[in-house]
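Structure first, then comments.
Nothing in this text is a laboratory measurement; each read-out follows from the coordinates by a stated rule. Predicted, not measured: the structure shown is a model, and the values here were computed from it. Don't worry about glycine lacking a Cβ; one is built from the backbone with ideal geometry, like all the others, and counts go over all protein chains shown.
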């Protein structure tokens, strides 16, 4: 998964929801079909976002994923949150983790679409993204606890980190014909945090 060029940079990857797994992909298609019908629009492909940050000879992967085991330090885990319900989050199966993984990899990166997208080429931007990952909000995944009008998920985390680091995340769009549910939630919370902080 090489960087798009240069010794420092921020690259965005768009992965089809459920890449590498049929269960998540099927549920995503059902969710999108219902959402499209309720909103009276055509169904879209759904995307999950991840980042690859290069700082000189070190490469980091930033991604939100299910908690795999109790050894998060091996994957550079910097935060965790509950999935679906805060009480259920006591159990590992109902928790997500946010990774800042030095030398890590993005699962199923071979299925990424219109990727990588180089968002920044300077060391300062790359370092700001790395620093902010550890401060990302961790509300319940799949809920709108922060009153943004959209559920919080992996796309929210990536959008929040980019927006807080100074990257123009509001102008970023998923691949043609696709949607990135949760992206706007991250932008809304990042703008609030900027005003308050």
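Over the range 109-156, what lengths in whole Å, largest first, do the semi-axes of the equivalent ellipsoid take, defined as the square roots of 5 times the eigenvalues of the alpha-carbon gyration tensor? Write out the running numbers ahead of the final one.
Details: eigenvalues 125, 62, 16 Å².
Over the Cα atoms of the range 109-156, the ellipsoid semi-axes are 25, 18, 9 Å.
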Query raised in the report: If you wrap a convex hull around the Cα atoms of the range 57-127, how much volume per residue is inside, in Å³?
Result: 127 Å³
Query - Pairwise label distance in nanometres, residue 147 with residue 131, each label 7 Å out on the Cα-Cβ vector - result: 3.1 nm
Report summary line: Calculated from DSSP helices alone, with each H run of at least 4 adding -39500 (n - 2.57) and the total divided by the residues of the chain, [θ]222 nm to the nearest 500 comes to -9000 deg cm²/dmol
Query raised in the report: Taking the highest mean first, how do the peptides 153-163, 62-72 order by number of other beta carbon atoms within 10 angstrom per residue?
Result: 153-163, 62-72
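What ranking do 48, 56 get, fewest neighbouring Cβ atoms within 10 angstrom at the top? Spell out each step's value before the answer.
Numbers: 48 27, 56 9.
The fewest-first ordering by Cβ neighbours comes to 56, 48.
Hey, fewest Cβ within 10 Å first, where do 144, 57 land in order?
Working: 144 14, 57 6.
Final ranking by Cβ density, sparse to dense: 57, 144.
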Query raised in the report: Any idea how far apart residue 43 and residue 173 come out in nm if each label point goes 7 Å out from Cα toward Cβ?
Result: 2.3 nm
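Output the peptides 180-191, 81-92 sorted from most to least packed, where packing is the average of other Cβ atoms within 10 Å over each peptide's residues.
Working: 180-191: 22.4, 81-92: 14.8.
Ranking, from highest mean packing down: 180-191, 81-92.
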Requested in this report: Just the ratio, please: alpha-carbon radius of gyration of the range 37-82 over 2.2 N^0.38 Å, N its number of residues.
Outcome: 1.73
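Plugging the Kirkwood radius over Cα pairs into Stokes-Einstein for the chain, at a temperature of 20 °C and a viscosity of 1.002 mPa s, what D comes out in µm²/s? Working shown, then result.
Values: Rh = 17.0 Å.
Estimated diffusion coefficient is 126 µm²/s.
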Report task. Can you grab the distance from the C-alpha centre of the range 128-163 to the C-alpha centre of the range 71-122, Å, no decimals? Result -> 12 Å
Requested in this report: Rank the residues 7, 121 as a footprinting-exposure proxy: fewest other Cβ atoms within 10 Å of their Cβ go first.
Outcome: 7, 121
